[in-house]
Number of protein chains: 2
Amino acid sequence: MKRYPGNPVITTSDVPPSRPDFKVLGVLNPGVARLGDETILLLRVAEQPAFEDASVCSSPIYDVASGETRILAFHRSDPGLDVSDPRVIRTKSRNYLTSMSHLRLARSLDGYRFAVDAHPFLAPENEYETFGIEDARITRIDDTYYINYSAASNAGIVTALASTRDFLHVTRHGNIFHPDNKDVAIFPEKIGGRYYALHRPSTSEYGKPEIWLAQSPDLLCWGDHLRVASVREGWDSARIGASAVPFRTPYGWVEIYHGATQENRYCLGALLLDADEPWKVLARSDRPLVEPEAFYETQGFFGNVVFSCGATVVGDDVRIYYGAADESVACIDLTVGEILGNLGVDKAVGGNR
Amino acid sequence: MKRYPGNPVITTSDVPPSRPDFKVLGVLNPGVARLGDETILLLRVAEQPAFEDASVCSSPIYDVASGETRILAFHRSDPGLDVSDPRVIRTKSRNYLTSMSHLRLARSLDGYRFAVDAHPFLAPENEYETFGIEDARITRIDDTYYINYSAASNAGIVTALASTRDFLHVTRHGNIFHPDNKDVAIFPEKIGGRYYALHRPSTSEYGKPEIWLAQSPDLLCWGDHLRVASVREGWDSARIGASAVPFRTPYGWVEIYHGATQENRYCLGALLLDADEPWKVLARSDRPLVEPEAFYETQGFFGNVVFSCGATVVGDDVRIYYGAADESVACIDLTVGEILGNLGVDKAVGGNR
């Protein structure tokens, strides 16, 4: 297991802002795909106004009627304001985000050196996306790349679906999971004639943010929701969610997922799901597969975070791309064998599959 | 518009507890159907242990492994405990319910005098139902009655689907909406070749509890989620949700919905939805259609609540059944014309439909 020595592979200085009066606060959590010889990253680019009065904190909001992004300003002296989390502005009645994200394309032939597009690939466009769109996952099924992403607004956080064949033209398919739901990872093939996706509802009263599975006839409508993995003591005690698109091994589906503690320390681990009955968890990482250790992971906009939305798998080689400290993109190379070793697969399921 | 003079039509004393050591705390929020000449109510029956040490408050929990309901006891002296809401026990790590609900059948020939079954029709059975099942809605499509209900557990609140043809045999169809989601009302016919349902996600960070619409090819998998009605100033300022199954009028679909203030005063109002494009709200009640006024509505287990899960519609006559003060079942007779009048339909959509 080896972090790329040139990490981070993409930093904020590599990304031109989408408009001259914005600055790029973070480039993070890319969806990942292979297109021909290229590695494609669909980056989340988080921006905020470049010039801001120190007495206010502001939230960029997309205005559907005008088609423009406007800046909502909150006076820091307001006693009802909570800005203790640098990502969120909490008021008495509503929460807002300190930045707005869009999705930006980056391409590479070697998987390490990326050319970042000058303009957004997908940007907020409707009433469910007014606070921004985030954290794409890309699932290739036949020749179509399905892109799901989180959309935030005062309607909550939904997961929306889009698709492309060439990463030039893209079609939107609406909201596939109602609020609050993020961290959706669609399986790359049908299982028993049905599509499957991992998803992460955030419940408000009785549940915890955990990993669920849904099935679908058409990728648009989802049902038969089952919880497949729960929080537990240790590195993934406060919340867990799917990260990369699952990939097949002889032992079952490997899902790289993220878990966080109450202190918001985010690590990556793995789940091994049954090949034919993916709601059955055969093994789960006792210790993290990747945890924040490098300086670009422990320090940054939001330190102690490694958060992945995708990986490339070529033969036995897995390259996980991840957001480091909510600020830059890094990658780490490892083998399927190393992941199975972390999962203790030899002990857990033996050689009988 | 006239409340039945014999209200409440069903009280806790009409309902035998499901086991001898339980007492019935409330009978409320019935799903409603017509079966031949009968009016069928699918009551929510909320129970708790009959005999309880005053120093503890307890939560009945269904245990999947043993198939039995066990009592979780919390010491009232625990400083981390919040029992200010009589419905909920809040601990530092989890919330629990003070009662467990199941669904019970009641039948009537005149719609006022009901015979209540001695045993549950549907009771908790799986890991999503361990805190109880609640608030059925019944949608008849052809000869099948589809029953959706809220299921509560430490996984959150999901909406599950079951079906019956005779209210004797029932089949379960799994979780159709992931947590948190309740107040689902399935339309009684396809529109443009698709099934539709109103639903009510509860979001945890950025949204409010509001009314959404989803569509489905098969009643099991749901997608294309759209928000159709939001909270607003007044009687429905804190949360809103679908109540009765929508019914057709010459002006569009009428949906009887509930709205509450921050002080948890629950009223009923109406939405008029476009006949062919049900995500379009043509009219909405400025003032409530029904609000807590009678003594059995203002006083009880949780006072100032009228909450409906169903109505019968025969010609121009609408009879809304509703939970009163979270404790008993009442009904009110009104006409389609009165509902359209409350909606100001003549002004809003004129006679052009």
### Query
Do we have A:Y128 as in contact (Cβ under 8 Å) with a residue 24 or more places away in the chain, in contact with a strand residue (DSSP E or B) (Cβ under 8 Å, 6 or more places away or on another chain), open to solvent by 20 Å² or more (accessible area, probe 1.4 Å) and within 14 Å of chain B (Cβ to nearest Cβ) here?
no
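A:S55 - would you say it is of a type in the set (S, T, Y), more than 23 Å from the chain's Cα centre (by Cα) and over 26 Å from A:D180 (Cβ atoms)?
On the way: of a type in the set (S, T, Y): yes; more than 23 Å from the chain's Cα centre (by Cα): yes; over 26 Å from A:D180 (Cβ atoms): yes.
Judged against the criteria, A:S55 is a match.
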### Query
In this structure, is B:G223 open to solvent by less than 10 Å² (accessible area, probe 1.4 Å), without any contact (Cβ under 8 Å) to a residue 24 or more places away in the chain and in a strand (DSSP E or B)?
yes
### Task
Just need a number here: residues in region B:35-47 that are in contact with a strand residue (DSSP E or B) (Cβ under 9 Å, 6 or more places away or on another chain) and either among the hydrophobic types (A, V, I, L, M, F, W, C) or surrounded by fewer than 19 Cβ atoms within 10 Å (Cβ to Cβ) (or both).
8
### Task
Scan region B:247-267 for residues that are part of a loop (DSSP other than H, G, I, E, B) and either out of contact with any Asp or Glu (no Cβ under 9 Å at 6 or more places or on another chain) or crowded, with 24+ Cβ neighbours inside 10 Å (or both) and report the count.
4
### Top-ranked residue of region B:9-24 - restricted to ones that are assigned to a strand (DSSP E or B) and aliphatic (A, V, I, L, M), ranked as nearest to B:V306 (Cα to Cα)
B:I10
#### Entry: Number of the exception - B:A270 against (1) within 14 Å of chain A (Cβ to nearest Cβ); (2) aliphatic (A, V, I, L, M); (3) touching a helix residue (DSSP H, G or I) at 6+ places or on another chain (Cβ under 8 Å)
(1)
### Task
Please give the number of the condition B:T249 fails out of (1) within 14 Å of another protein chain (Cβ to nearest Cβ); (2) in contact with a helix residue (DSSP H, G or I) (Cβ under 7 Å, 6 or more places away or on another chain).
(1)
### Task
Filter region B:53-66 down to the residues that are modelled with pLDDT under 95 and loosely packed, with under 14 Cβ neighbours inside 10 Å, then identify the one that is farthest from B:P20 (Cα to Cα).
B:S55
### Query
So, in region B:198-216, of the ones that are in a loop (DSSP other than H, G, I, E, B), more than 14 Å from A:P201 (Cβ to Cβ) and at the interface with chain A (Cβ under 8 Å from one of its Cβ atoms), which residue ends up modelled with the highest pLDDT?
B:E210
### Query
What pairs come up if the first residue lies in region B:63-83 and is under 30 Å from B:P120 (Cα atoms), the second is in a strand (DSSP E or B) and of a type in the set (D, E), and their beta carbons are under 8 Å apart, counting only those six or more places apart or on different chains?
B:T69/B:D63; B:R70/B:D63
### Query
Are there any pairs, at least 6 apart or on different chains, whose C-beta atoms fall under 8 Å, with the first in region B:30-46 and acidic (D, E) and the second open to solvent by less than 10 Å² (accessible area, probe 1.4 Å) and assigned to a strand (DSSP E or B), and if so, which?
B:E38/B:S108
### Task
Need at least 1 residues that are buried (at least 24 other Cβ atoms within 10 Å of the Cβ) and of a type in the set (F, W, Y) per element, so show me which strands (runs of 3 or more DSSP E) inside region A:133-187 make the cut, counting only ones lying wholly within it.
A:144-153, A:171-177
## Note on the structure
For B:F301, the lone unmet condition from (1) surrounded by fewer than 21 Cβ atoms within 10 Å (Cβ to Cβ); (2) part of a helix (DSSP H, G or I); (3) among the hydrophobic types (A, V, I, L, M, F, W, C) is (2)
### Query
(1) open to solvent by 10 Å² or more (accessible area, probe 1.4 Å); (2) within 13 Å of chain B (Cβ to nearest Cβ); (3) in contact with a His (Cβ under 7 Å, 6 or more places away or on another chain): which one isn't true of A:R239, the others all being true?
(3)
### Query
What tally of residues in region A:326-353 results from selecting those that are of a type in the set (G, A, S) and modelled with pLDDT of 70 or more?
5
### Message
I'm told B:A50 meets every condition in (1) crowded, with 17+ Cβ neighbours inside 10 Å; (2) touching a Lys or Arg at 6+ places or on another chain (Cβ under 7 Å) except one. Can you identify the failing condition by its number?
### Response
(1)
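For (1) at pLDDT 95 or above; (2) in contact with a Phe, Trp or Tyr (Cβ under 9 Å, 6 or more places away or on another chain); (3) at the interface with chain A (Cβ under 10 Å from one of its Cβ atoms), each residue gets a yes or a no:
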| site | (1), (2), (3) |
| --- | --- |
| B:T144 | yes, no, no |
| B:S153 | yes, yes, yes |
| B:V158 | yes, yes, yes |
| B:A162 | yes, yes, no |
| B:F167 | yes, yes, no |
| B:V184 | yes, yes, no |
### Task
State which residue is farthest from A:W253 (Cα to Cα) when the search covers only region A:204-218 and only residues that are surrounded by 22 or more Cβ atoms within 10 Å (Cβ to Cβ) and polar (S, T, N, Q).
A:S216
### Message
Here's a check for you: in region B:304-331, which residue that is hydroxyl-bearing (S, T, Y) and within 25 Å of B:Y196 (Cα to Cα) is most open to solvent (accessible area, probe 1.4 Å)?
### Response
B:T312
### Query
Does A:A244 qualify as being among the aliphatic types (A, V, I, L, M), over 19 Å from A:L334 (Cα atoms) and in a loop (DSSP other than H, G, I, E, B)?
no
### Where a residue in region B:271-295 is more than 15 Å from B:S243 (Cβ to Cβ) and its partner, wherever it lies, is open to solvent by 50 Å² or more (accessible area, probe 1.4 Å) and assigned to a loop (DSSP other than H, G, I, E, B), with Cβ under 7 Å and at least six apart
B:D274/B:K280; B:D276/B:G192
### Query
Counting just the residues of region A:186-197 that are within 12 Å of another protein chain (Cβ to nearest Cβ) and more than 18 Å from the chain's Cα centre (by Cα), which one comes out farthest from A:D143 (Cα to Cα)?
A:R194
### Summary
Going through (1) out of contact with any Leu (no Cβ under 7 Å at 6 or more places or on another chain); (2) more than 10 Å from chain A (Cβ to nearest Cβ); (3) under 28 Å from A:S150 (Cβ atoms); (4) in a strand (DSSP E or B) one by one, B:V228 fails only at (1)
### Query
Can you find even one residue in region B:92-102 that is more than 30 Å from B:A311 (Cα to Cα), in contact with a Gly (Cβ under 9 Å, 6 or more places away or on another chain) and more than 14 Å from chain A (Cβ to nearest Cβ)?
no
### Task
Restricting attention to strands (runs of 3 or more DSSP E) lying wholly within region B:25-129, give those where 2 or more residues are farther than 30 Å from A:S230 by Cβ.
B:38-49, B:100-108
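The values are calculated or read from the model by the stated rules, or taken from the named source; none is laboratory data. None of the values given here were measured: they were computed from a predicted structure. Note: ideal-geometry Cβ built from the backbone for every residue, glycine included; neighbour counts use all protein chains shown. What goes into the accessible areas is simple: the full protein's heavy atoms, side chains included, and nothing from ligands, DNA or RNA. Shrake-Rupley method; radii C 1.70, N 1.55, O 1.52, S 1.80 Å.
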